Amino acid sequence: MRKLGSFLFLTLIGLFLLLTVLEMPIMGDPANPSNTVTTPRYISEGARETNCKNLVSAIMLNYRSYDTMGEMVAIFTVLAAALAILGREKAKRGLSPLKVEPSPLIKITMVIYIPFFIVFACYVAINGCYSVGGGFQGGVILASVIIIFALIFGFDEAVKKFPASKRVFFEGLAVLYFMLLGLMSLFVGGNFLNLNLFGSPVRKLFTLGLEIGIGLTSGITIASLFYILKKVERE
Amino acid sequence: MMITRVFSNLIYVASMILFLIGFYAVALRPNLIKKIIGINIMETSIFLFLIGIGNRKGGAAPLIVDGVKNYVNPLPQAVVLMALVVGVGTTALALILAVKLFEREEEEQL
Amino acid sequence: MDFHLILTSLIIAIPFLGAGITYWFGHKLKTAWDYLPFLFSLTTLILTSILFFGGSGGHVIIKYPFLPFSKVELSINSLNVLLAFLTALVWTAAMLFSVSYMKKSVKRRRFYVFMLLAFSANLGVFLAGNFLTLFIFFELLGLSAYPLIVHNESIEAFEAGTKYLIMVFLGDLALLLGILFYYKIAGSVAFATGLSGGSDYFKVITFALMGIGFGVKAGVVPLHIWLPDAHPVSPSPASALLSGIMIKAGAYGIIRSLFSIFGPEIRSIDVGFVVIWVGVVTMFVAVFMALLQENAKKMLAYHSISQMGYIVLGIGCAIYLGGKGALAIGGSLYHIVNHALFKTSLFLTVGAVFYRTGEFNMYKLGGLLKKMPIIAFCTIIASLGISGIPLFNGYVSKTLIHQAVTHLGHGGWVSLAEILFLIISGGTIASFIKLFALIFLGKLPEKYESVKDAPPFMIAGILPLTALVIILGILPNRFWGTFMIPLLKNLGYKTLSLNSVSIINILTGHDIQSLIISLFVGILIFAMGTKYDLFHMRFPCWFGVNYWFEQLTMGLYFLTHREVHLPEIMVAGPGTEAVKEGSISGIYARTEVHRLSFFVISLKRRIKYSYLKSKAVLTEKINYIIGKLRKGFLAKLYQDLSASKTGIEFELYVQDLNFGMFLVLFLLVICFISFRLIG
């Protein structure tokens, strides 16, 4: 009975969704409202106005930097909440043995390739304005490096390599940096976070700083969340 | 007419199906972890939907190259990128709350 | 679907699928399954020989447009097919050999699976149609060779495997970067005959990167360090193939990249000069080291490096001479074929001796000529081949390379290279006299009185190879005319420059003169070595490349072997028995002491540069180790060290992180420089 009820319920919702889908304009049509209202402006003027060839980065760092700032605050809040609920992991003395010792093949590969991964993460983050990529993507690669390290060499090892004392600075970096930039533009005489007031080279520098800051913060925050969750498993 | 529209909008249909799967897990599954997975699937379906809206036939990736005029809409991509990271955050928070809840229940049972 | 596409795909697919079948269904066949891998390789050999003997001789490119990886291309041309046929032939012989050899061995299913995988990958390397495909199969080859190296699961094997992996991964990164640069210059990854675009400087960097990548596999000095460790520890059929065929993948890659970047018809004097000297140094160092070895397999491994030196020397001469270098590159390719034949049969014969006696140390063997006559016969044929005696195949290719060296010019460095060439040939002769004399002549130790000749499967594996050694030595012009001339055309040499080399003359007065000189030098070296006991000479450990490499990558070693490495050496190392008796003697105990002192040195170095709080504790520990080392109480020391390992290792890890961070900075700098260069 319950199964039947849930099935009917889902079918109802599905029908509603299908009706919506039928009302949608054909995908990819240049005449769609999503392609005619704001997009031409972004595409024709975006690169000139923001000095960013990558329009996604341009939108994230300039046109919609409020959103990005809000998002950084959001993940900062998530981390703060997680710390309030479960607390930091603690470093242990000595190394506890791994449950499964990975094969030497995996270990040697990772030991050799980790520096290259980190370089790749830096590259993706730094060149966010000029090629595909950006701060978030670089940050996620960084986080995945740390997580892979923890999975292969053990959690204790990862805690020792990237201890909380080293991570804590980066976790709030981007929020701080956004606030600082916003206040600076206030002092120069514009609105909050209006980077157009600065000259082109200074702006480029700020944008680069934003990319690096966003990358480090999102990456380290994801790693920290992983550490907090992993800590539960150890205890 | 209707059939052609559905076939040209297959991505929306896929996103709809994903949404339904996610919704089923969230609403009708008792397991907390499965609910969280369901939230993630729903998120993914919305991302797919947004990216689909921003598509443009024959458009290049929104990276300005000389000589190319036709680009896809960069706005949904930027929004989805932000939503992805927020999604990671919410998932982590949800998991942590679930862990806490689990611990509390264990304590009460003792 | 045309004929070539199906045939070539099958050639690569059959060993690959065969590996899967052997793994999942092999053991269900009870007793028969030992023959299954051999049957797979025999099928591949038959298919390859259809391709080889029935080929049109043209240039066919095979694409897979219906598959998702449409960039993967195979190509059939005379060079690729010759090498593929050689691979299949030698591999099948080794598989036949291992039917008997591996019967006693445990975990032989794993061995066979990876043999077949490596077979497939190696055929893929040789049949690849562009650099991307070459790279994919090269990676697969590198990975599937690792289980073969560590098959014995001893500490030596794991250590050699680690070293191999470190070298191969670093080399592969260089190779990948080189291929990206190549793509940047050429606009595609296809093989070419000389690139028109790009500055010379950029081309040289591209070749250097690709040369490092392929050179690691080929065992070119100073990238050879993994080879003398890895080849002796693997089972004999595997090491025969590692030495005979797999390092040829590297040589083939060097030839392809060199000819694609610079082209055969253009003289590139600077590049040629460097490559020639890399080759000569490789030959010299390896022969010198080979003379000092006690372990027969290790000696053969060093000889592999040395023979790779010949090949690299020929390649260098070809690029130096430009349009006239057809003879040199022909000699190199001829030597690739020859070396595969005689080195494989040498490794297999030594393996057969080991199968009957359980001993690789040449000084502990002797007098086996009457006990194992067929194996002795095969050994002597293969030794004559590698020593470059007329009527055997080694003589032909060595003479061709020697003639190429004399074409380089007169006086100066060319004379030096030629003199070194003769000395090296003499050294090769000396060490094979030594091999044969120590194993098969002299007094028979009493415990080997009941030794019989090798089982029939082993002999059936070795005999075809030795027969080919003689055939290729007697009929060099036939082989040259049938296979080498189309091959040189395929590499890009025009008909004009080929006319002068359509027939080779390998018995000129100069050749015979230099043969007599090298024979004389060889006998002299052997006589002096035995008389003054020079073959037991040892050098301080900092003398070799190996020591510095281990110093540099110490952190990687400890990180990768944190559970296995230290305690096993300390507690159950192979030297413990010798140690318990109180006498530090024997080769194992010596390596133990070496390894420990090496450990202590690295610890000291770490303390010197560390900013750690527990410096005093560590220093105390190390002084303790040194004191124990001096007194020779190794057994006690093992226990102490293994008990206290966590403390020491913790410090090591911190240092490794700094090493990694340093590497990151270094790479970032390199990235920026290279992007400046490109863009």
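The values are calculated or read from the model by the stated rules, or taken from the named source; none is laboratory data. Quick caveat: nothing in here was measured; it's all calculated off a predicted structure. Every residue, glycine among them, receives a Cβ derived from its backbone with ideal geometry; neighbour counts consider all protein chains shown. What goes into the accessible areas is simple: the full protein's heavy atoms, side chains included, and nothing from ligands, DNA or RNA. Shrake-Rupley method; radii C 1.70, N 1.55, O 1.52, S 1.80 Å.
Computing FRET efficiency as 1/(1 + (r/R0)^6) for residue C:70 and residue C:103, where r is the C-beta to C-beta distance and R0 is 41 Å, gives about 0.40. Peptide C:292-302 is shielded by partner chain Cβ atoms: per residue, an average of 0 of them sit within 10 Å of its Cβ. Adding -39500 (n - 2.57) for every DSSP H run of four residues or longer, then dividing by how many residues chain A holds, sets the calculated 222 nm ellipticity at -24000 deg cm²/dmol. Residues A:29, C:511, C:229, ordered by accessible area of protein heavy atoms at a 1.4 angstrom probe radius and largest first, appear as A:29, C:229, C:511. Surface listing: C:277, C:33 arranged by accessible area from highest to lowest gives C:277, C:33, probe 1.4 Å.
Taking the average, over residues, of other Cβ atoms within 10 Å as the packing measure, peptides C:305-317, B:46-58, A:129-141 rank C:305-317, A:129-141, B:46-58 from highest down. Residue C:357 contributes about 20 Å² of solvent-accessible surface, heavy atoms of the protein only, 1.4 Å probe. Given C:297/C:398; C:28/C:103; C:107/C:434, which pairs have Cα atoms separated by over 25 Å? Violating the 25 Å Cα-Cα cut-off are C:107/C:434.
If you take the Cα centroid of the stretch A:13-69 and the Cα centroid of the stretch B:94-110, the two points sit 42 Å apart. Accessible surface ranking for C:59, C:151, C:410, 1.4 angstrom probe, highest first: C:410, C:59, C:151.
For the segment B:3-15, counting C-beta atoms of other chains within 10 Å of every residue's C-beta and taking the mean gives 3. Peptide B:59-67 has a mean shielding of 5, counted as Cβ atoms of other protein chains within 10 Å of each residue's Cβ. For the stretch C:193-267 versus the stretch B:37-85, the spacing of their alpha-carbon centroids is 44 Å. Over 18 Å between Cα atoms: which of C:343/C:531; A:90/A:166; C:343/C:447; B:34/B:100 fall into that group? Listed pairs above 18 Å: C:343/C:531; C:343/C:447. In this structure, residue C:517 and residue A:232 have a Cβ-Cβ separation that, at R0 = 56 Å, corresponds to a calculated FRET efficiency of about 0.15. Under the simplified labelling scheme, the residue C:415-residue C:443 pair shows an inter-label distance of 4.8 nm, with each label point 7 Å from Cα along Cα→Cβ. At an R0 of 56 angstrom, the distance between the Cβ atoms of residue C:467 and residue B:68 translates into a FRET efficiency of 0.30.
Enumerate the helices in chain A for which the Kyte-Doolittle hydropathy averages 1.0 or more and the C-alpha atoms extend at least 24 Å along the helix's axis, using complete DSSP H runs. Qualifying helices, which must be both long enough and hydrophobic enough, are A:2-23, A:65-86, A:104-126, A:135-153.
Using a 1.4 Å probe on the protein heavy atoms, what percent of the accessible area of the stretch C:323-544 belongs to carbon and sulfur? The value for the stretch C:323-544 is 70 percent carbon and sulfur by accessible area. For chain A, the relative contact order comes to 24 percent (Cα pairs under 8 Å, sequence separation of at least 6). Report residue C:136's accessible area, 1.4 Å probe, all protein chains in place, as a number in Å² to the nearest 10. That residue has around 80 Å² of solvent-accessible surface. Surface calculation, 1.4 Å probe, protein heavy atoms: residue A:211 sits at approximately 10 Å² accessible. Normalising the average separation of contacting C-alpha pairs (under 8 angstrom, six or more residues apart) by the number of residues puts the relative contact order of chain B at 21 percent. Relative protection proxy for C:82-94, C:379-391, from highest mean packing down: C:82-94, C:379-391 (other beta-carbon atoms within 10 angstrom).
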